Amino acid sequence: MSTALLQVDNLKKYFAVPQGYLHAVDDVSFSIDKAATLGVVGESGCGKTTLGRVVLRLLDSTDGRIVFDGEDVTHVKGAKLKALRKRMQIIFQDPYASLNPRKTVFQTISEAMSINGRLSAPEIKKRVVELMDIVGLAQRFVNAYPHELDGGRRQRIGVARALSIEPEFIVCDEPVSALDVSIQAQILNLLIDIQTELGIAYIFITHDLSVVKHISDNIIVMYLGQVVEEVASAELFSRQIHPYTRALLSAVPVPIVNYDKKRILLKGEISSPVNPGEGCRFAPRCDYVQDRCLEEGPELREILPRRLARCHFAERFA
Amino acid sequence: MPSANAAARAQGPYENVVVRQRSMFRQIVDRLVRNRSAMIGFCILMTIVVLCLLAPVIAPEGYNAQNLLEKFLTPSLRHPCGTDNLGRDVFARILYGGRVSLFIGFASTLFAAAVGIVIGLFAGFSGGAADNIAMRFMDVLMSIPAILLAITIAAALGTGVSSAIFAIGISSIPIFARLTRAPIIQLKNEEYVEAARSINAGRLRIMFGHLLPNIMSPLIVQVTVNVALSILLAAGLSFLGMGVQPPSPEWGAIITSAMVYIIDHSYLVTMPGIAISLTVIALNLFGDGLRDCLDPRLKI
Amino acid sequence: MSENILSVRNLTVKYISRETGVCHAVNDVSLDVKKGETIGLVGETGAGKTTIALSILRLLPMPPARIVSGEIYLQGEDLLKMPEGGMRGIRGGRISMIFQDPMTALNPIDRVGDQISEMIKLHLDLNNAQAAGKAAEMLEMVGIPSTRFNDYPHQFSGGMKQRVIIAIALACRPELLLADEPTTALDVTIQAQVLNMMKGLKNELGTSMVLITHDLGVVAETCDRVAVVYAGEIVEIGTADAVFEKKSHPYTVGLFNSLPDITGERKRLLPIAGLMPDPTALPEGCKFSPRCPACGEACTKGPVGLRLESGTHFVRCLKAGQ
């Protein structure tokens, strides 16, 4: 048994739609060590949000296995699921939609404790204030409603709520996408500090490559439900193997005037995740597409040591 | 923890923090007091309620004291609303009748709201077959005109105040069920509901603790409107002989029994009519104000 | 002066409401847009960027908004003094605007081709067939096959919708394009496509553009000049080269320090302390002073004017260059 806190094997999540099955997550495997961060990056419709929900057991998987701390939790129910939920938490993207507008800061942060813990009322109060300190919320906001606060402070409430039952693992679903850059930087620093201090593992879901580079140890790049490349964070940015990853990176606007880089403009747009065919899912947009790509879907395989990519011709780009 | 939160860290001990309950009720009251239309409605309504409650003091002779020598007296100081065909003081009858009417109105509405909201919550939150069955049943109820439904139920249960409450209440259930279900279907996919699930909140807690408070505003307004409607429906039932039985006064019953004299003694109809209108207007004013005050996002 | 397509002079806009008081949305903003130039307006939510753009088109909701003072010249003509009828000819004709959200900017029940030709018919003297022909031409120009002329918006993806919106905006060959976060709602690969296309079309048609964005990367790639907006004021303005090379205002510096660096080593971010001031209660003196690490005594006293940094690079800071 490895030391991984979370191990996901061949996870699949299909949604039934009138035309057939929508392959939101298709055969995704990864593992996360304690206190480590896995970045999940991809564009809208790549299945990254669904992946987070399935791992948290907020959605049931279609197939595959989720092992948390050595225990298969793919199908646990009832009391065991409740126990599991105490160890895993989520921080949402939209600090407006993810807080109940009718609940005060105190009610929102304390709710998880009153549901799950055996803490007395004064203990809960002490813990709420402690959590507010950790996430940098002034005490005077304890009775405020979400609508009285700005986006950054709301997101801090979301972080405090996730931390309140001392999870070992948090799925951060685009936690900074809705925030302005200066606030985004504050929240990113906060998340990093919390990880350093409390040793929490993160799955960090985002579409923002500079953010994912900043916070992750390992990164998986997703395209149409599949992992197309998996690599240590630092290496990804020096060299990309999969053609999609390359195009994705080259598309990011860099805040340097006359920055010298070769931009790869992709053809067309992401195809439908409903009943994807046999071939490589990126093939319709790929510049290097061959006959083989259209007939046979490539497997995710190790191209270089600890570098995985899903491309028949990956060696050519390595 | 590094510098980012140093400022926050320098805060005082937790004992100094006052967690205000800021309960819904306190806030609503605070805001209501500052809302003019709500206060006008509330004052009118309270005046009517208090007058009705004090009926035995104001009109100690009761609602049925006849004086055939004094029939059809036009309104005067001694009889503010005149007297009817049996020489009964109409004002006294309106006061006593108000107790019955208001009671039927409120009781049947509360009954309908309680049942309808629970049905709507479960149907909307569960979705699927349960939702379909419950809502089709509601559709059937709704497709029958309220008065017909009430007559049928009253006929089955017999006449009287309690069966009137039940009959009128049942006919209002679908409105509350639909009014609850529609926003629930929309809200149940909100992220804060998912957040609640992720911290192990149970179904009941999510439904009643998270969702219900967010949809209260239209429901409360509907309650006030529905009280008014129920009062009118009760009057209709009485008119058809299926509701409250004479000589027990009830605003609708007073009006219907006076219909015969509407040409020569119109005050017999207008006086209880004014009572009904005033109550309905007061309820609507209060309901509108209440809706505004129920939304914590409003800065007043 | 003559080469300026657009000149905004000392524009001040307030939102006045009884409940919240007076909101100072835009304070004494002056801005020139030269022919064929792209100028970026950068700033965070609530800085007043969109209000500036809406003032140019006179599309502000009035009340509560009120243009307190200032002039906006479109090739020498003051738009703020123009009668409403005249403005109608300018909107969509000589000045077009692209809004942020492509999902809501198109009418869901109209065919996209008709939405483009409607714009053309409003401004150019063409019959239905000619307008439709031109609309089809516009679709091709933004990279959509004209066979999709009769499709409805819901049949398009987000990126395609934004292309349609750009086609509508450019249909009458405007002299000036106001683009309010045109690619914020799009994925990066689609954003790259759309920005690339916009750049190409702009050069081809010689249109000037005001690009509103919060993304410094987008500015670096597309803008000739940049104006950094904070609390309704331009705090730094100059060529993109100059401003990115020599960031002079502490706010601009703070924005850059907040960005995770995709090109270099990972290091701790240095966010700007605090929050944007409440626009109904702006601080005395320099509006950035409460958050500024270099704030001195003089900064909180009187208003701070724009000062020449070098060439055409201006900074609203007493400490700049020290």
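The values are calculated or read from the model by the stated rules, or taken from the named source; none is laboratory data. None of the values given here were measured: they were computed from a predicted structure. Note that each Cβ is placed from the backbone with ideal geometry, even for glycine, and that neighbours are counted across all protein chains shown.
Among the residues that make up the stretch A:176-188, is at least one of them crowded, with 24+ Cβ neighbours inside 10 Å and touching a residue at least 60 places away in the same chain (Cβ under 8 Å)?
No, the conditions are met nowhere in the stretch A:176-188.
Restricting the stretch C:238-261 to residues that are surrounded by 21 or more Cβ atoms within 10 Å (Cβ to Cβ), of a type in the set (S, T, N, Q) and closer than 19 Å to C:ASP224 by Cα, which is modelled with the lowest pLDDT?
It comes out as C:SER248.
Taking C:PHE314 as meeting all but one of (1) modelled with pLDDT of 85 or more; (2) within 11 Å of chain A (Cβ to nearest Cβ), write down the number of the exception.
Status for C:PHE314: all satisfied but (2).
Only one of these conditions is not met by C:GLU19: (1) at pLDDT below 85; (2) of a type in the set (Asp, Glu); (3) at positive phi. Which number is it?
Against the list (1) at pLDDT below 85; (2) of a type in the set (Asp, Glu); (3) at positive phi, C:GLU19 comes up short only on (3).
I'm trying to understand the selection: among the residues of the stretch A:28-49, which are farther than 17 Å from A:THR3 by Cα and at pLDDT 90 or above? If you could, list the steps in order and put the result at the bottom.
Keep residues of the stretch A:28-49 that are farther than 17 Å from A:THR3 by Cα, which gives A:28, A:39-49.
Across the stretch A:28-49, the qualifying residues are A:VAL28, A:GLY39, A:VAL40, A:VAL41.
Just checking, does the stretch B:68-87 include any residue being within 30 Å of B:GLY287 (Cα to Cα), modelled with pLDDT under 85 and not polar (S, T, N, Q)? Write out each step before concluding.
At the first step, the residues of the stretch B:68-87 found to be within 30 Å of B:GLY287 (Cα to Cα) are B:80-81.
Now narrow it down to the ones that are modelled with pLDDT under 85: B:80-81.
Then keep just the ones that are not polar (S, T, N, Q); that gives B:80-81.
Yes, some residue in the stretch B:68-87 is within 30 Å of B:GLY287 (Cα to Cα), modelled with pLDDT under 85 and not polar (S, T, N, Q).
Need a quick list: helices (runs of 4 or more DSSP H) entirely within the stretch B:101-212 having at least 3 residues that are within 14 Å of chain A (Cβ to nearest Cβ).
Working: elements: B:128-143, B:146-157, B:161-187, B:191-198.
Ranges flagged: B:161-187, B:191-198.
Going through the stretch A:59-68 one residue at a time, which ones are under 19 Å from the mean Cα position of the chain (by Cα) and loosely packed, with under 15 Cβ neighbours inside 10 Å?
The one that is under 19 Å from the mean Cα position of the chain (by Cα) and loosely packed, with under 15 Cβ neighbours inside 10 Å: A:ASP60.
From the list A:ARG87, A:ARG118, exactly one residue is surrounded by fewer than 24 Cβ atoms within 10 Å (Cβ to Cβ) and in contact (Cβ under 8 Å) with a residue 12 or more places away in the chain. Which is it?
Values: A:ARG118 fails: in contact (Cβ under 8 Å) with a residue 12 or more places away in the chain.
Residue meeting the stated conditions: A:ARG87.
In this structure, does A:PRO101 turn out to be at the interface with chain B (Cβ under 7 Å from one of its Cβ atoms) and surrounded by fewer than 18 Cβ atoms within 10 Å (Cβ to Cβ)? Spell out the reasoning first.
Details: at the interface with chain B (Cβ under 7 Å from one of its Cβ atoms): yes; surrounded by fewer than 18 Cβ atoms within 10 Å (Cβ to Cβ): yes.
Yes: the conditions hold for A:PRO101.
Please go through the stretch C:31-51 and give me each residue that is part of a strand (DSSP E or B) and surrounded by fewer than 16 Cβ atoms within 10 Å (Cβ to Cβ), ordered by number. Reasoning before the result, please.
Within the stretch C:31-51, the first condition is being part of a strand (DSSP E or B), and the residues that meet it are C:31-34, C:38-42.
The answer is C:LYS34, and nothing else.
Among the residues of the stretch A:250-265, write down those that are touching a residue at least 12 places away in the same chain (Cβ under 8 Å) and either surrounded by fewer than 19 Cβ atoms within 10 Å (Cβ to Cβ) or under 23 Å from A:ASP26 (Cα atoms) (or both). Give the derivation first.
Taking the stretch A:250-265 first, the residues touching a residue at least 12 places away in the same chain (Cβ under 8 Å) are A:250-252, A:262-265.
Scanning the stretch A:250-265 gives A:SER250, A:LYS262, A:ARG263, A:ILE264, A:LEU265.
Exactly one condition in (1) closer than 17 Å to A:HIS147 by Cα; (2) modelled with pLDDT under 90; (3) crowded, with 17+ Cβ neighbours inside 10 Å is not met by A:PHE106; state its number.
Failed condition: (2).
So, in the stretch A:1-35, of the ones that are crowded, with 16+ Cβ neighbours inside 10 Å and polar (S, T, N, Q), which residue ends up farthest from A:PHE68 (Cα to Cα)?
Only one residue tops the list, namely A:SER29.
Just give me the residues in the stretch C:262-293 being among the hydrophobic types (A, V, I, L, M, F, W, C), buried (at least 20 other Cβ atoms within 10 Å of the Cβ) and more than 12 Å from every other protein chain (Cβ to nearest Cβ), in sequence order.
Selection gives C:CYS286, C:CYS292.
Condition test on B:ALA228, is it touching a residue at least 40 places away in the same chain (Cβ under 8 Å) and in a helix (DSSP H, G or I)? Give the derivation first.
Working: touching a residue at least 40 places away in the same chain (Cβ under 8 Å): yes; in a helix (DSSP H, G or I): yes.
So B:ALA228 passes the test.
Within the set of pairs 6 or more residues apart or between chains, which connect a residue that is without any contact (Cβ under 8 Å) to a residue 40 or more places away in the chain inside the stretch C:27-48 to a residue that is of a type outside the set (D, E, K, R) with Cβ atoms less than 8 Å apart?
Cβ pairs passing all conditions: C:ASP32/C:ASN4; C:ASP32/C:LEU6; C:ASP32/C:SER7; C:ASP32/C:VAL8.
Quick one: would you say B:ALA107 is closer than 23 Å to B:GLN245 by Cα and touching a residue at least 24 places away in the same chain (Cβ under 8 Å)? Steps first, please.
On the way: closer than 23 Å to B:GLN245 by Cα: yes; touching a residue at least 24 places away in the same chain (Cβ under 8 Å): yes.
For B:ALA107, the condition - closer than 23 Å to B:GLN245 by Cα and touching a residue at least 24 places away in the same chain (Cβ under 8 Å) - is met.
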